[in-house]
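Visitor: Dropping a structure here in structure tokens format, bear with me for questions.
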């Protein structure tokens, strides 16, 4: 997919830009594209390095696991097919906590383990997603992050007066998006009226 | 309030680690090393998408698209500058980073467009990538209603981003 996105953007930009007389800007965009990416990675990569360090402490000290335990009852409601005290439940909880803490690097491997555990527990027919799997993936496509550290760093770097002033809007919007996704999952799953949506604040 | 959350999360985690007898410095270094590696790993993709996105911005087609879409999205107060972000966000995280930095450079992080773009970025994820990786890892090809449900969540997020910024910050 990225193959076509990348090629499509470049070809479209070149044709449109040259046809509308933007050749100068287009050429300079190409010449500065590389250095512009490197300055962006310095900002973003610095934040990733710092927060990965902090989150490693949270993980090693058992804070992540403790928070995962707190979320277990709520997640059991959303994913009713999970075995109580099973592998899938453990990894799902850890995945959600890592997402909440903004630790994407840790969340993905945990999420993949959760998917494998769900497949084994549900004994899914080959190649078919179970309703719990679908709900779980939808939760992961909605951002659960309490502190979007990369975004906040970019805002600070760009000179925002208060980089965090958007956070209440971010939390409300995340909650709304997640609720919409979960409601639709619930409705399509057949349990209409599964009103409960999870979101930490 | 926001600042306190950042300060508390860092000091709280370090303190909790100390209390639990973790060597917080060495653990930080190990984690940071991993974060640095992850950052280095996305540089090639980020360069590809920065090139593509800056060419798109330089071509002037965004202004044209913005004008075309203005009546449609203006009704729900979505700033036209954020349309490229809405399009690329579900597909590519690196692309979204390149787009949002462009918006910050052009309009500023405290402009209406800058704020709405920030909320969009902070409350959505790279949907298609996530679906592909998660289901791919367990060999699931029939993803059922996952993509429609996830895209509904994304669309809700985009609309709510404009709505919450309009109502709560102006």
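Every number here is computed from the coordinates shown, using simple stated rules; none is lab data. If you're wondering where the values come from, they're calculated on a predicted model, not measured in any experiment. Methodologically, a virtual Cβ is constructed for each residue, glycine included, from the backbone with ideal geometry; neighbour enumeration extends over all protein chains shown.
Visitor: Sorted from largest down, what three extents in whole angstroms do the Cα atoms of the protein assembly as shown have along their principal axes?
Guide: Its Cα atoms span 64, 49, 39 Å along the three principal axes.
Visitor: Treat chain A as a sphere of radius equal to its Kirkwood radius over Cα pairs and apply Stokes-Einstein at 20 °C in a medium of 1.002 mPa s; give the translational diffusion coefficient in µm²/s, rounded to a whole number.
Guide: After rounding, the answer is 109 µm²/s.
Visitor: Ordered by packing density, taken as the mean number of other Cβ atoms within 10 Å over each peptide's residues, highest first, how do A:60-71, B:18-29 rank?
Guide: Going by the mean number of other Cβ atoms within 10 Å, highest first, we get A:60-71, B:18-29.
Visitor: Averaging over every viewing direction, what projected area does the convex hull of the Cα atoms of chain B cover, in nm²?
Guide: 13.4 nm²
Visitor: Between A:24, A:132, A:120, which gets the highest mean-square fluctuation from a Gaussian network model of chain A, Cα cutoff 10 Å?
Guide: Highest fluctuation among the options: A:24.
Visitor: Using the per-residue mean of other Cβ atoms lying within 10 Å as a proxy for protection, in what order, highest first, do the peptides B:44-52, B:30-38 fall?
Guide: B:44-52, B:30-38
Visitor: For peptide A:106-112, how many partner chain Cβ atoms fall within 10 Å of a residue's Cβ, on average?
Guide: Per residue, the number of nearby Cβ atoms from other chains is 2 on average.
Visitor: For chain A, find the longest principal axis of its Cα atoms and tell me its angle to the long axis of helix A:131-141, 0 to 90°, nearest 10.
Guide: That works out to roughly 30 degrees.
Visitor: With angles folded into 0 to 90 degrees, how steeply does helix A:2-19 sit against the dominant principal axis of chain A? Use alpha carbons for both and round to 10.
Guide: So the inclination is approximately 30 degrees.
Visitor: What value, in deg cm²/dmol to 500, does the helix sum -39500 (n - 2.57) over DSSP H runs of n ≥ 4 give at 222 nm once divided by the residues of chain A?
Guide: Per the formula, -25000 deg cm²/dmol.
Visitor: Whole angstrom only: what separates the Cα centroid of the stretch A:116-178 from the Cα centroid of the stretch B:104-145?
Guide: Result: 8 Å between the Cα centres.
Visitor: Next question, about the same structure. With N set to the number of residues, divide the alpha-carbon radius of gyration of the stretch B:7-57 by 2.2 N^0.38 Å and report two decimals.
Guide: 1.79
Visitor: Taking neighbour counts of Cβ atoms within 10 Å as a proxy for exposure, in what order, fewest first, do B:81, B:105, B:125 appear?
Guide: Starting with the residue having the fewest Cβ neighbours, the order is B:105, B:81, B:125.
Visitor: OK, next. What is the order of A:4, B:145, fewest Cβ neighbours within 10 Å to most?
Guide: A:4, B:145
Visitor: Another question about this same structure. Taking the Cα atoms only, what angle lies between the long axis of helix A:87-100 and the longest principal axis of chain A, rounded to 10 degrees?
Guide: With both axes taken from Cα atoms, the answer is about 40 degrees.
Visitor: I would also like to ask the following. Pick from A:80, A:148, A:131: which is most flexible by mean-square fluctuation in a GNM of chain A where alpha carbon atoms under 10 Å apart are linked?
Guide: Comparing A:80, A:148, A:131 in the GNM, the peak value goes to A:80.
Visitor: Next up: Over all residues in A:62-70, what is the mean tally of Cβ atoms on other chains that come within 10 Å of each residue's Cβ?
Guide: Mean shielding count: 1.
Visitor: Also: Other chains' Cβ within 10 Å of A:18-24 residues: what's the mean?
Guide: Taking all residues of A:18-24 together, the mean is 3.
Visitor: OK, next. Which of A:1, A:167 comes first, and how do the rest follow, when ranked by fewest Cβ neighbours within 10 Å?
Guide: Least to most surrounded, the residues fall as A:1, A:167.
Visitor: Report, in deg cm²/dmol and to the nearest 500, the calculated mean residue ellipticity at 222 nm for chain B, where each DSSP H run with n ≥ 4 adds -39500 (n - 2.57) and the sum is divided by the residue count.
Guide: About -27000 deg cm²/dmol.
Visitor: Run the numbers for residue A:187 and residue A:74: contour at 0.36 nm per residue of separation, minus the present Cα-Cα distance, in nm.
Guide: 38.9 nm
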